[in-house]
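The block underneath contains the structure these notes are about, expressed in structure tokens.
The values are calculated or read from the model by the stated rules, or taken from the named source; none is laboratory data. Quantities reported herein were computed from a predicted structural model and do not represent experimental measurements. Positions of Cβ are generated from backbone atoms using ideal geometry, with glycine treated the same way; all protein chains shown enter the neighbour counts. For accessibility, only protein heavy atoms count, side chains too; no ligands or nucleic acids. Shrake-Rupley method; radii C 1.70, N 1.55, O 1.52, S 1.80 Å.
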Amino acid sequence: MKISGIPTLDHAPQVAAEWLNELQEDLGWADRGRAYLLLRATLHAIRDFLTVEEAADLAAQLPILMRGIFYEGWVPARTPAEARTVDDFLERVTGAFTVSPLAEPDVAVAAVFDLLRRHVSQGEFRQVAWAMRRPLRDLWM
């Protein structure tokens, strides 16, 4: 369906739906809203754990709608976060799930990491991995 006549914009909702479908399938989740919440929270945690430069490099590889989600509410002056352990990362993600907590946050976050592995270049994926502290890098890889 042509709305704007600009292919990147017209195709953006379909790409976002495909990412959510993949994530739901990977996790065996039926709730699309929950998958979106996980994707959003994990993208924000990744962004906040990277330097401004590395976050921008990763964002440049994301589809336009995912890039918007990634940058939503970002304050570059607050990155990278000071506390950057695996527990800090998982806490940022699980904090978005106040009504129905994640049973296995590490599995859920790993599914988002795997989704990113399939959609960004291998080089960028590795750069982000190496920008993470070792314990988080182990979850990332």
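Whether a residue is closer than 19 Å to V15 by Cβ and in contact (Cβ under 8 Å) with a residue 60 or more places away in the chain was assessed, and Q127 does not pass this test. Is it the case that P101 is open to solvent by 70 Å² or more (accessible area, probe 1.4 Å) and under 20 Å from W29 (Cα atoms)? When the stated conditions are applied, P101 passes them.
For L27, state whether it is buried (at least 17 other Cβ atoms within 10 Å of the Cβ), in contact with a helix residue (DSSP H, G or I) (Cβ under 8 Å, 6 or more places away or on another chain) and farther than 16 Å from L139 by Cβ. So L27 does not fit the description; no. I need the full set of residues from segment 55-85 which are open to solvent by less than 50 Å² (accessible area, probe 1.4 Å) and either within 15 Å of the chain's Cα centre (by Cα) or acidic (D, E) (or both), in order please. If the condition is that a residue be open to solvent by less than 50 Å² (accessible area, probe 1.4 Å) and either within 15 Å of the chain's Cα centre (by Cα) or acidic (D, E) (or both), then A55, A56, L58, A59, L62, P63, M66, G68, I69, F70, W74 are the ones that fit. Hey, could you check segment 104-141 for residues that are in a loop (DSSP other than H, G, I, E, B) and over 25 Å from E25 (Cβ atoms) and say which is modelled with the lowest pLDDT? Only one residue fits best here, namely R133.
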